[in-house]
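Student: Structure provided below as structure tokens; questions to follow.
The values are calculated or read from the model by the stated rules, or taken from the named source; none is laboratory data. Computed from a predicted structure; not experimentally measured. When we count neighbours, we look across all protein chains shown, and the Cβ atoms used for this are built from the backbone with ideal geometry, even at glycine. Each accessible area value is taken on the protein alone, full model and side chains, heavy atoms only, with ligands, DNA and RNA left out. Shrake-Rupley method; radii C 1.70, N 1.55, O 1.52, S 1.80 Å.
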Amino acid sequence: VNEPNRELIIATLNKLHRASGLSLPQTKSLAEQIQEFLERAQSATWPRLLRDLGLATPLKTLFQCEKNHLTPAFIHNDLNPDNILIADQRVYIIDWTDAGLGDPFSDISWHAICFPPSMHQTLLGYCFDEIDSMTLSKLTCYYCLRLFRMAAWGTFQASMIAQDRETRPTETE
């Protein structure tokens, strides 16, 4: 994401997050999305891996952080780079199926994935007038959740492929 596009995207996000008077449903939080993917994948690997790596408790802490520090706003909630189109100095956001009221950090965290952690404060500077330690901690929390959601989604997709292979007839049948 180059500098001029980054500014266009963040300006569009700021407009989106400041929209008011909208009667929309609450979106699924990242924690809820992760739990849903892992449940649907029916994988015994993740709980064991999280326990063995000592990540079960920190992940629960991240879930609580997200739940307890919610600042509801209108969000896209799936603002991955594939859902952002730029043409003629305008930003077009597509795929609004997950949109609703939620925490703007859910959208901002997609952009954090595109930057090394050393640039997260710069990213936040585009979004907020003032950045305190809580704001930086919150982005770190969402960054970790976003990475974990990507891994959980991958696990779910792999389980779907495996199920498809099990139910598909072989060529000899």
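Student: Just the accessible area for Leu8, please: 1.4 Å probe, Å², rounded to the nearest 10?
Tutor: 40
Student: Got a number for the accessible area of Asp88? Probe 1.4 Å, square angstrom, nearest 10.
Tutor: Counting only protein heavy atoms, the figure is 140 Å².
Student: Considering only protein heavy atoms, what is the solvent-accessible area of Met150 at a probe of 1.4 Å, reported in Å² to the nearest 10?
Tutor: So the heavy atoms of Met150 present about 80 Å² to solvent.
Student: Sticking with this one: Which order do Lys60, Lys28, Lys138 take when ranked by solvent-accessible area (1.4 Å probe, heavy atoms of all protein chains), largest first?
Tutor: If we order Lys60, Lys28, Lys138 from most to least accessible, we get Lys60, Lys28, Lys138.
Student: Trp110: net charge of surrounding residues, Cβ under 13 Å, Lys/Arg +1, Asp/Glu -1, itself excluded?
Tutor: Around Trp110, the surrounding residues sum to -3.
Student: Provide the per residue accessible area, probe 1.4 Å, for the stretch 112-151, rounded to a whole number of square angstrom.
Tutor: In whole numbers, the stretch 112-151 has 51 Å² accessible per residue.
Student: Considering only protein heavy atoms and a 1.4 Å probe, what is the carbon-and-sulfur percentage of the accessible area of the stretch 68-109?
Tutor: 53
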